[in-house]
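The values are calculated or read from the model by the stated rules, or taken from the named source; none is laboratory data. Here the structure is a predicted model, which means the values were calculated and not measured. Counting neighbours? That spans all protein chains shown, and the Cβs are built from the backbone with ideal geometry, glycine included.
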Amino acid sequence: MSIIRGDESPQSIFPKVIKYTFPEEKYKELLKLLNLTNQNEPSDEDMKVILVNATYLFLTGEWSQDDLSAVANKLWFDKQEKFDELGSALYECAEMMFYVRNIYNPLSPNFRGNFEEFMITTIKFYEKYIEDVVK
């Protein structure tokens, strides 16, 4: 899978495409842990529980930031890109995959602030729904 940057400029030192592997096995293990079997059309509640638990696995070091962002990206598109509380958390978590690679970008100095904002949004969402963590 890959994410294509939309703001490519000729002076950019960053690649236009970020290639990543969706953490299929980790995702399946998480769904099994959460007793979520049919995920063709996950409900908002299912997506919330998945995001909270994926964030927990990231915070414990079991998942990488790319794993977390890849799952959030999948769920964001499953949600059909709807900006509500959950949708905003999914979008910002997914975007971290791009912004972490651009923390230093002399052409776009705001990227660093965006990464921090997106990480804080993700952690605050996790904190708000921490009771949904399954250990």
Of those in the range 46-61 that are in a helix (DSSP H, G or I) and polar (S, T, N, Q), the residue farthest from Tyr27 (Cα to Cα) is Thr55
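Residues checked against (1) touching a Lys or Arg at 6+ places or on another chain (Cβ under 8 Å); (2) within 14 Å of Met119 (Cβ to Cβ); (3) modelled with pLDDT of 95 or more; (4) surrounded by 15 or more Cβ atoms within 10 Å (Cβ to Cβ):
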site	(1), (2), (3), (4)
Lys28	no, no, no, no
Ser43	no, no, no, no
Val49	no, no, yes, yes
Leu57	yes, no, yes, yes
Thr60	no, no, yes, no
Asp78	no, no, no, yes
Met96	no, yes, no, yes
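When residues of the range 91-105 are filtered for being of a type outside the set (Lys, Arg), in contact (Cβ under 8 Å) with a residue 40 or more places away in the chain and touching a Phe, Trp or Tyr at 6+ places or on another chain (Cβ under 8 Å), how many remain?
First, the residues of the range 91-105 that are of a type outside the set (Lys, Arg): 91-100, 102-105.
From the residues that got through so far, the ones that are in contact (Cβ under 8 Å) with a residue 40 or more places away in the chain too are 93, 97-98, 102, 105.
Narrowing further to those that are touching a Phe, Trp or Tyr at 6+ places or on another chain (Cβ under 8 Å): 93, 97, 102, 105.
So the answer is 4.
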Checked Asp67, Asp78 against criteria (touching an Asp or Glu at 6+ places or on another chain (Cβ under 8 Å) and among the charged types (D, E, K, R)); the one match is Asp78
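Mind listing whichever residues of the range 53-62 are of a type in the set (A, V, I, L, M, F, W, C) and closer than 17 Å to Leu36 by Cβ?
Ala54, Leu57
Yes or no, residue by residue, for (1) under 18 Å from Asp46 (Cβ atoms); (2) charged (D, E, K, R):
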{"position": "Glu92", "(1), (2)": "no, yes"}
{"position": "Asn102", "(1), (2)": "no, no"}
{"position": "Gly113", "(1), (2)": "no, no"}
{"position": "Tyr129", "(1), (2)": "yes, no"}
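When the residues of the range 1-26 are filtered to those that are under 27 Å from Glu127 (Cβ atoms) and aromatic (Phe, Trp, Tyr), which remaining residue is modelled with the highest pLDDT? Walk me through how you get there before you give the answer.
So in the range 1-26, the residues under 27 Å from Glu127 (Cβ atoms) come out as 3, 20, 22-23, 26.
When the remaining residues are screened for being aromatic (Phe, Trp, Tyr), the result is 20, 22.
Values: Tyr20: 86, Phe22: 94.
Looking at residues that are under 27 Å from Glu127 (Cβ atoms) and aromatic (Phe, Trp, Tyr), I get Phe22.
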In the set Ser88, Ser64, Ser108, the lone residue that is in contact (Cβ under 8 Å) with a residue 60 or more places away in the chain and either surrounded by 14 or more Cβ atoms within 10 Å (Cβ to Cβ) or farther than 19 Å from Glu24 by Cα (or both) is Ser108
